[in-house]
Amino acid sequence: MPPPLPLTTIQMIPLLIFLFSLPCFLSNGVHHPTKKQNPINKNSTVETNMDPLEQETLFKIMESMSSDRNWRVSNPYPCKPGSSWPGLECKTNNRDTHFHVIRLDFGSPPNPTCKKTATFPPQIFNLPYLESAFFFHCFTLTKTTLKIISTSSSTLQQLSLRSNQALVGPIPPQISSLKSLEILTLSQNQLQGKIPVEIFSLQSLIHLDLSYNSLVGTIPNQMGNLKNLLGLDLSYNSLCGSIPPTIGNLGLLQKLDLSSNALTGIVPETIEKLKLLALLALSNNRLKGKSFPQGITKLVSLQYLLIDGNSMFMSSLPNELGNLVKLQELRLGNSGYSGTIPTSLSHLTNLTTLSLENNRLTGEIPAGLSNLSHIYHLNLSRNMLSGVVPFNVGFLKRLGRNLDLSGNPKLCLNASSQIQQPPFNKKSDAAASPSRGFSLFSAT
């Protein structure tokens, strides 16, 4: 058999390429087996990588809040795409390759539910990239307070604690350290004490809701510092004193709810500067005044005007109310108004609810009210109205029991507007007639 022919240089090139492509090719020709690779390390740099300190902080928060599962064992990589924790949102940034926690949501499924011994976890402020935190119906049995760890680098934009009947104590002044906060909701808790003036240094706030707590004291004048505020809700507390005139500084405000407190004094005229205001609720306070505040009649963007339940005015209702053509709901009951019902109210063609009950209104019901095609609730009860009811049968049927004219003894029905009378006793049955003084009752 002839000896093998020597390889030419050109013929050797493919062989060399093949040899050098082997993982452990050495110049001495010895091949060593490769070391076994850790598949988690190979793939987890993007999928499971978190800063160890941030991850440990997250584990401690979850363990203190929820017993739904053993979080360390069942979900060792909280931010891994496709298998991240419920109620948790993570993202990367341009600063490093780590995943960072940006949102925590507790309280209602599918988010983690809170165990009975849960207390507010101040460690959330140690999560350096956290943007939103929600706690709904979490702290119900074990009393806890809102404790804030001051930080100058807080990225938190939204903090919401709602329906936590065991959340007590004051709102801490350290809340001013949350400089990026845009939405602060501390509603339906048992928070006590005064509203800290520090809260009004949060220049980024667009929504502030402290409703349904046990807050006391006056509304600080510093509220006027929140120039970016769109919504302010301080209702259902025990706040006293007057409405600060600095309210007029909140030129972007669209919702203002101060109802069900113990506010006194008059509505400041500076309220007329709130040109974008769509909802004004001042019901059930102790506001007073010699006349209806003209500033309110200039709020042409108003859709909801709720100022019932105040012994506020011993005067008539102004015709200028008819200029608020966007109004859908107008509630002025239980406030001691006298005079007649303004005919200009018939210009409010978007009106769905009109409540003027329990005042001292006199005269006839304006016939134009029957042309309000969207109205479904009309309460004129317990006044001193007189004359013939101007509503036709179609109007009466459309409103049904949502029409309340009771408590107006001098009001009578037109013979063509037959409606069901309340039952009379035997002595008065014989005298009953459609034109007789009557009470039209309505379900509450």
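The values are calculated or read from the model by the stated rules, or taken from the named source; none is laboratory data. It should be emphasised that the depicted structure is a prediction, and the values quoted were computed from it without experimental measurement. Note: ideal-geometry Cβ built from the backbone for every residue, glycine included; neighbour counts use all protein chains shown. Ligands, DNA and RNA are excluded from the accessible area calculation, which covers all protein heavy atoms including side chains. Shrake-Rupley method; radii C 1.70, N 1.55, O 1.52, S 1.80 Å.
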Spelling it out for Thr140: with amide H atoms placed in the peptide plane at 1.01 Å from N, the residues 5 or more places away or on another chain with amide H under 5 Å from its amide H are Ala166
Of every Cα-Cα pair in the stretch 50-215, the percentage lying beyond 23 Å is 37
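Fully extended, how many nm does the chain gain between Phe59 and Ile266 (0.36 nm per residue separation, minus their Cα-Cα distance)?
Details: separation 207, 0.36 × 207 = 74.52 nm, distance 5.21 nm.
Taking Phe59 through Ile266 to full extension adds about 69.3 nm, to one decimal.
Order these peptides, 247-254, 197-204, by their mean beta-carbon neighbour count within 10 angstrom, highest first. Please list the in-between numbers first.
Numbers: 247-254: 18.9, 197-204: 17.1.
Per-residue mean Cβ counts within 10 Å order the peptides as 247-254, 197-204.
Considering only the other residues whose Cβ falls under 13 Å of the Cβ of Thr264, what net charge follows from Lys and Arg at +1 and Asp and Glu at -1? Please list the in-between numbers first.
Details: positive: Arg286, Lys288; negative: none.
Local charge sum for Thr264: +2.
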By accessible area (1.4 Å), largest first, His100, His137 order as His137, His100
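Take every DSSP beta bridge whose two residues both sit in the stretch 50-215, then give the antiparallel share in percent to the nearest 5. List each step's numbers first, then the result.
On the way: 4 of 27 bridges.
Restricted to the stretch 50-215, the bridges split so that about 15 percent are antiparallel.
Determine, from the Cβ-Cβ distance of Lys326 and Gln165 and an R0 of 35 Å, the FRET efficiency 1/(1 + (r/R0)^6), rounded to the nearest 0.05. Before the final figure, lay out the partial values.
Details: r = 37 Å, r/R0 = 1.07.
Once the sixth-power term is evaluated, E becomes 0.40.
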Expected unfolding gain across Arg69-Asn319 under the 0.36 nm per residue rule, minus the alpha-carbon gap, is 83.7 nm
Magnitude of the Cβ-charge dipole (Lys and Arg +1, Asp and Glu -1) of the stretch 50-215 about the Cα centre, nearest 20 debye, reported as 360
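What FRET efficiency, computed as 1/(1 + (r/R0)^6) with R0 = 30 Å and r the Cβ-Cβ distance, is obtained for Lys91 and Gln123, rounded to the nearest 0.05? Show your work: numbers first, answer last.
On the way: r = 20 Å, r/R0 = 0.66.
After rounding, the FRET efficiency stands at 0.90.
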Calc'd 3J(HN,Hα), the stretch 194-210, phi into Karplus 6.51 cos²θ - 1.76 cosθ + 1.60 (θ = phi - 60°), Hz, glycine/Pro = x, comes to 8, 6, x, 4, 4, 5, 8, 9, 7, 5, 8, 4, 10, 9, 10, 10, 10
With the dipole of the stretch 50-215 defined by +1 on each Lys or Arg Cβ and -1 on each Asp or Glu Cβ, the option from Thr155, Thr144, Pro109 whose Cα lies farthest towards the positive pole is Thr144
PRE zone check, label point 7 Å out along Cα-to-Cβ of Asn371, amide N under 14 Å, scope the stretch 334-350, hits 343-350
Projected onto the charge dipole of the stretch 227-343 (unit charges on the beta-carbon of Lys, Arg, Asp and Glu, signs +1, +1, -1, -1), the Cα from Leu239, Ser338, Leu274 with the largest positive-side position is that of Leu274
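Run the dipole for the stretch 277-360 about the Cα centre, Lys and Arg Cβ at +1, Asp and Glu Cβ at -1, nothing else charged, and hand back the magnitude in debye, nearest 20.
Values: 7 positive and 4 negative charges, 49 e Å.
Once rounded to the nearest 20, the dipole reads 240 debye.
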Scoring only Lys, Arg, Asp and Glu (+1, +1, -1, -1) among other residues with Cβ under 15 Å from the Cβ of Ile171 yields 0
Mean separation of Cα contacts under 8 Å (at least 6 apart) over the residue count of the stretch 338-415, i.e. the relative contact order in percent, is 30
Contour minus Cα-Cα span, Ser301 to Gln192, at 0.36 nm per residue, comes to 35.8 nm
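Compute the relative contact order of the stretch 50-215 as a whole-number percentage, counting only Cα pairs closer than 8 Å that sit 6 or more residues apart in sequence. Present the calculation step by step, with values, prior to reporting the outcome.
Working: 373 pairs, mean separation 25.9, N = 166.
About 16 percent, as a whole number.
Taking a 24 Å limit on the Cα-Cα distance, which of the listed pairs Lys227/Lys255; Lys194/Lys255; Lys60/Lys147; Lys179/Lys227; Lys116/Lys194; Lys290/Lys326 fall beyond it? Mind showing how you got there, number by number?
Working: Lys227/Lys255 14 Å; Lys194/Lys255 22 Å; Lys60/Lys147 16 Å; Lys179/Lys227 15 Å; Lys116/Lys194 28 Å; Lys290/Lys326 26 Å.
Beyond 24 Å: Lys116/Lys194; Lys290/Lys326.
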Residue by residue through the stretch 396-404, the couplings from Karplus 6.51 cos²θ - 1.76 cosθ + 1.60 with θ = phi - 60°, in Hz, x for Gly and Pro, are 5, 5, 5, 7, x, 7, 7, 9, 10
For Gly241, the net charge from surrounding residues (Cβ-Cβ under 12 Å; K, R +1; D, E -1) works out to +2
